[in-house]
Amino acid sequence: MTRPPSLAPPEGAVLPERHHQAPAPGQPMASHYRLCFGCGPDHPTGLHIRVEAGEGLSVVGRFTVTHDHQGAPGLAHGGVLSLAFDEVLGYLTVLIGRPAVTARLQTSFTRPVPVGSTLYIAAHVTGMSRRKLYTMADGRLNAPNGPIGASASALFVTVPLEHFVQHGRREDIDRVVADPDSVTISSTFEVNP
């Protein structure tokens, strides 16, 4: 996997430890919010990405491009592909037990991704420095070992869970409070790391 130099972990970055309550390798990882456009099963036109925990600090996600995800006729929209990478890379935070937000995402497109294709995204942590988590992923077409359609690197910044309550739209926060089953807050997350 290649990484844009601007998103390379700095000197002195370390690989964080996998949290002791992280899902076991091969275990499916739950959607964090059922209306999330990336992973939510109840979003009518969402990506419906499914992610499994991998070995070490890695995950594997997959999604099938539908007619709702088009840019050019019959091809996935580049922004939708970037969203898919952001979603899968974000699942890495569950493995370290710390919620985070995307600070920067860089996606490189290698070949067209047609409607009907399944993109297999293999992602892993490349380093951590203080609150910054560095990640990267490759997206392969139609098989875990298929040709690379796109790749991405991202920088996440860890935040306390209160961040989401403080900055979320009030009516959506109220809806979640009324229906706590609509979100999954991993028991691995530390509220104030």
Here the qualifying pairs (Cβ atoms under 7 Å; residues six or more apart or on different chains; first in segment 127-155 and within 15 Å of residue 63 (Cα to Cα); second among the β-branched types (Val, Ile, Thr) and part of a strand (DSSP E or B)) come out as 137/121; 138/148; 139/121; 139/148; 140/148; 142/118; 150/107
In segment 52-72, which residues are touching a Ser or Thr at 6+ places or on another chain (Cβ under 9 Å) and in a strand (DSSP E or B)?
62, 63, 64
Kindly indicate which of 158, 135, 126 is among the polar types (S, T, N, Q) and within 12 Å of the chain's Cα centre (by Cα).
135
Restricting the search to segment 31-41, which residues are over 12 Å from the mean Cα position of the chain (by Cα) and in contact (Cβ under 8 Å) with a residue 60 or more places away in the chain?
33, 34, 35
So, of the residues in segment 120-160 that are charged (D, E, K, R) and crowded, with 16+ Cβ neighbours inside 10 Å, which turns out to be modelled with the lowest pLDDT?
132
Leading residue by the ranking (surrounded by the most Cβ atoms within 10 Å (Cβ to Cβ)) among those in segment 50-65 that are over 15 Å from residue 93 (Cβ atoms) and touching a residue at least 40 places away in the same chain (Cβ under 8 Å):
63
Positions within segment 85-119 being crowded, with 20+ Cβ neighbours inside 10 Å and assigned to a strand (DSSP E or B), in sequence order
100, 107, 119
When every residue in segment 25-36 that is at pLDDT 95 or above and either of a type in the set (Lys, Arg) or part of a loop (DSSP other than H, G, I, E, B) (or both) is compared, the one surrounded by the fewest Cβ atoms within 10 Å (Cβ to Cβ) is 26
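The values are calculated or read from the model by the stated rules, or taken from the named source; none is laboratory data. None of the values given here were measured: they were computed from a predicted structure. All Cβ positions, glycine included, derive from the backbone under ideal geometry; neighbour counts span all protein chains shown.
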